[in-house]
Amino acid sequence: MRIEYDRDTCIGMFQCVDEWERFEKNLDEGKADLDGSEEVDEDLYVVEVPEGEELDAEFAARVCPVDAIALYDDDGERIVP
């Protein structure tokens, strides 16, 4: 399972931070940061979800008010949103 985070789309509501500890507030930029992620395209960050953190990652993706977070299963099928 992996998360893709479009940081440019993020509006800094930080709801994801409350759901999954891998998201952190970056108050200087008014955006969340995704710890351990790799930038694969401009402002697009990807990280594999560690075993046991799938539910937290799913909640983080579901609460994003602007759908800046997408969750994919191991087959590459989009789960959220």
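The values are calculated or read from the model by the stated rules, or taken from the named source; none is laboratory data. Just so you know, these numbers come straight off a predicted model, no measurement behind them. Cβ coordinates were reconstructed from backbone atoms using ideal geometry, including for glycine residues, and neighbour counts include every protein chain displayed.
Just one of VAL17, VAL46 is touching a residue at least 12 places away in the same chain (Cβ under 8 Å) and under 15 Å from VAL80 (Cβ atoms); which is it? Let's see the steps before the verdict.
On the way: VAL17 fails: under 15 Å from VAL80 (Cβ atoms).
Checking each option against the conditions leaves just VAL46.
I'd like to know if the range 11-20 contains one or more residues that are closer than 16 Å to TYR72 by Cα, modelled with pLDDT of 95 or more and among the charged types (D, E, K, R).
no
Of everything in the range 1-23, what is of a type in the set (Ser, Thr, Tyr) and in a loop (DSSP other than H, G, I, E, B)? Give them in sequence order.
THR9
Read through the list (1) touching a Phe, Trp or Tyr at 6+ places or on another chain (Cβ under 8 Å); (2) in a loop (DSSP other than H, G, I, E, B), then give the number of the only condition that ALA32 fails.
Answer for ALA32: the failing condition is (2).
Kindly provide the set of residues from the range 40-81 that are among the hydrophobic types (A, V, I, L, M, F, W, C), touching an Asp or Glu at 6+ places or on another chain (Cβ under 7 Å) and part of a loop (DSSP other than H, G, I, E, B), ordered by number.
Result: ALA68, single match.
Take LYS25 and tell me if it is surrounded by 14 or more Cβ atoms within 10 Å (Cβ to Cβ), touching a residue at least 24 places away in the same chain (Cβ under 8 Å) and among the basic types (Lys, Arg). Lay out the reasoning, then the answer.
On the way: surrounded by 14 or more Cβ atoms within 10 Å (Cβ to Cβ): yes; touching a residue at least 24 places away in the same chain (Cβ under 8 Å): no; among the basic types (Lys, Arg): yes.
No; evaluated as a whole, the condition is false for this residue.
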